[in-house]
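Encoded as structure tokens, the structure appears first; notes follow it.
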Amino acid sequence: QVQLVESGGGLVQTGGSLRLSCAASGSGFRINVMGWYRQAPGRQRELVATISSAGSTNYADSPKGRFTISRDNAKNTVYLQMNSLKPEDTAVYYCNTEAVRFTTNRSDTYWGQGTQVTVSS
């Protein structure tokens, strides 16, 4: 199993910044893509950004130019720097990773427990 532990959420005013972190742990796995998704009340979970193990990034249109995803492969940790936050960014943010088990070469997807981000107007 791979465990994902998120931190860094909270309450911030419009225009403020937050940095989310997510650390993956577990033995016998290779961590491939890591990413962040978010789910606002009454809405479906949506992509925020992903980053490959080689550092290639992909962003949804809404946070593009305001959010930056990065990772530390040595620590199996992914970060999301969120700047110029807007009330519409309010959501529970979930860390996600695709991990490959060394023994079977099987890929599985794992989710963190989520961290609340609230942007006040």
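Examine segment 38-46 for a residue that is in contact with a Leu (Cβ under 8 Å, 6 or more places away or on another chain) and open to solvent by less than 70 Å² (accessible area, probe 1.4 Å), and state whether such a residue exists.
no
For (1) among the β-branched types (V, I, T); (2) closer than 20 Å to G15 by Cα, each residue gets a yes or a no:
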{"residue": "I31", "(1), (2)": "yes, no"}
{"residue": "G42", "(1), (2)": "no, no"}
{"residue": "A49", "(1), (2)": "no, yes"}
{"residue": "S70", "(1), (2)": "no, no"}
{"residue": "N73", "(1), (2)": "no, no"}
{"residue": "Y79", "(1), (2)": "no, yes"}
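Considering segment 54-67 alone, what residues qualify as being open to solvent by 60 Å² or more (accessible area, probe 1.4 Å) and either touching a strand residue (DSSP E or B) at 6+ places or on another chain (Cβ under 7 Å) or of a type outside the set (A, V, I, L, M) (or both)?
Hits for segment 54-67 are S56, T57, N58, D61, S62, K64, G65.
Looking at segment 86-105, which of its residues are outside any strand (DSSP E or B), in contact with a strand residue (DSSP E or B) (Cβ under 7 Å, 6 or more places away or on another chain) and surrounded by fewer than 18 Cβ atoms within 10 Å (Cβ to Cβ)?
Residues satisfying the conditions are K86, P87, F102.
Let me confirm something: among S56, S120, S70, S84, which residue is in contact with a Lys or Arg (Cβ under 7 Å, 6 or more places away or on another chain), over 16 Å from R30 (Cα atoms) and at pLDDT 95 or above?
Only one candidate qualifies: S84.
Might you let me know whether segment 86-93 holds any residue that is over 16 Å from R43 (Cα atoms) and either under 11 Å from the mean Cα position of the chain (by Cα) or among the polar types (S, T, N, Q) (or both)?
No - not one qualifying residue is present in segment 86-93.
What single numbered condition from (1) without any contact (Cβ under 8 Å) to a residue 24 or more places away in the chain; (2) under 15 Å from T109 (Cβ atoms); (3) aromatic (F, W, Y) fails to hold for W36?
So W36 meets the others, but not (1).
Please work out if R19 is surrounded by fewer than 16 Cβ atoms within 10 Å (Cβ to Cβ) and among the basic types (K, R).
Yes; evaluated as a whole, the condition is true for this residue.
Looking at A24 and the list (1) under 17 Å from D108 (Cβ atoms); (2) of a type in the set (G, A, S); (3) surrounded by fewer than 17 Cβ atoms within 10 Å (Cβ to Cβ), which single condition is not satisfied?
(3)
The values are calculated or read from the model by the stated rules, or taken from the named source; none is laboratory data. Just so it is clear, the model here is predicted, and its values are computed rather than measured. Ideal geometry is used to build each Cβ from the backbone, glycine not excepted, and the neighbour counts take in all protein chains shown. For the accessible areas, the whole protein counts, side chains as well, though only heavy atoms, and no ligand, DNA or RNA atoms are used. Shrake-Rupley method; radii C 1.70, N 1.55, O 1.52, S 1.80 Å.
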